[in-house]
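Okay, so here's the structure we're looking at.
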Amino acid sequence: LSGTVPTELGVLYKLDDLQMYENGLKGKLPVELAFLSGLTTLYLDSNGFTGSLPEEFGEMHALEELYISSNKFTGQLPPTIRGMKSLKYFRGSDNQFEGNIPTDIGKLLKLEYLMLDSNNFTGNPPIELGELKELKAVHLHDNNFSGEVPESVCDLRNSFFLNDLQADCEDDIVCACCTMCH
């Protein structure tokens, strides 16, 4: 596949699985994808998408898997991400996201895998990550974070399921509980 994602996909209300990874797709994601209220899986990895993640994606309440890595997304992750209440897997690695990770990410209580490595995030990783008791893996390396990985996240490493925590703790950030430092 090549070209842009047609806005007409937004009328496929019963669609629950959309996989368009490793293609030649480009341009901005159409807001109309957010109208796919029954969508549980959205794989858009390894394309040439640009622009920011549409704020309307927060309306995708049934979405469990969002794979958007290896594209050219820019801007900040929208705080509306908190609306993705069913999200378990979020892979947004290898893009050009910037700014802080929104604190609203702490509202994604079902999140198990958070891969945001290889972007341009800054500031401290949010303390609200510690609210995510189901986390099994968090990759934050190859960003521009400063400060330290919050103690609340280290508590997950010690008390819950989190067994894969990666950050730039050799250079940029203090991480007392990381499983791998880059």
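Within the range 110-127, being open to solvent by 60 Å² or more (accessible area, probe 1.4 Å) and not in a loop (DSSP other than H, G, I, E, B) holds for 113, 120, 127. Only residues that are acidic (Asp, Glu), open to solvent by less than 70 Å² (accessible area, probe 1.4 Å) and either in contact with a His (Cβ under 6 Å, 6 or more places away or on another chain) or at pLDDT below 95 (or both) were counted across the range 160-175, and they come to 1. Where strands (runs of 3 or more DSSP E) fall wholly inside the range 1-83, the ranges with 1 or more residues that are under 17 Å from the mean Cα position of the chain (by Cα) and hydroxyl-bearing (Ser, Thr, Tyr) are 41-43, 48-51, 65-67, 72-75. Inspect all residues belonging to the range 28-48 and state whether any of them is among the charged types (D, E, K, R), surrounded by 15 or more Cβ atoms within 10 Å (Cβ to Cβ) and without any contact (Cβ under 8 Å) to a residue 40 or more places away in the chain. Scanning the range 28-48 turns up at least one residue that is among the charged types (D, E, K, R), surrounded by 15 or more Cβ atoms within 10 Å (Cβ to Cβ) and without any contact (Cβ under 8 Å) to a residue 40 or more places away in the chain. Filtering the range 71-93 to residues that are out of contact with any strand residue (DSSP E or B) (no Cβ under 9 Å at 6 or more places or on another chain) and more than 16 Å from residue 18 (Cβ to Cβ) leaves 78, 79, 80, 82, 83, 85.
Within the range 51-68, being open to solvent by 40 Å² or more (accessible area, probe 1.4 Å) and within 16 Å of residue 78 (Cβ to Cβ) holds for 52, 55, 56, 59, 61.
Does residue 157 qualify as being among the charged types (D, E, K, R), at pLDDT below 95, outside any loop (DSSP other than H, G, I, E, B) and open to solvent by 70 Å² or more (accessible area, probe 1.4 Å)? Against the criterion (among the charged types (D, E, K, R), at pLDDT below 95, outside any loop (DSSP other than H, G, I, E, B) and open to solvent by 70 Å² or more (accessible area, probe 1.4 Å)), residue 157 qualifies.
The values are calculated or read from the model by the stated rules, or taken from the named source; none is laboratory data. All values derive from a computational prediction rather than experimental measurement. Counting neighbours? That spans all protein chains shown, and the Cβs are built from the backbone with ideal geometry, glycine included. Areas reflect the complete protein model, heavy atoms only, side chains present, ligands, DNA and RNA absent. Shrake-Rupley method; radii C 1.70, N 1.55, O 1.52, S 1.80 Å.
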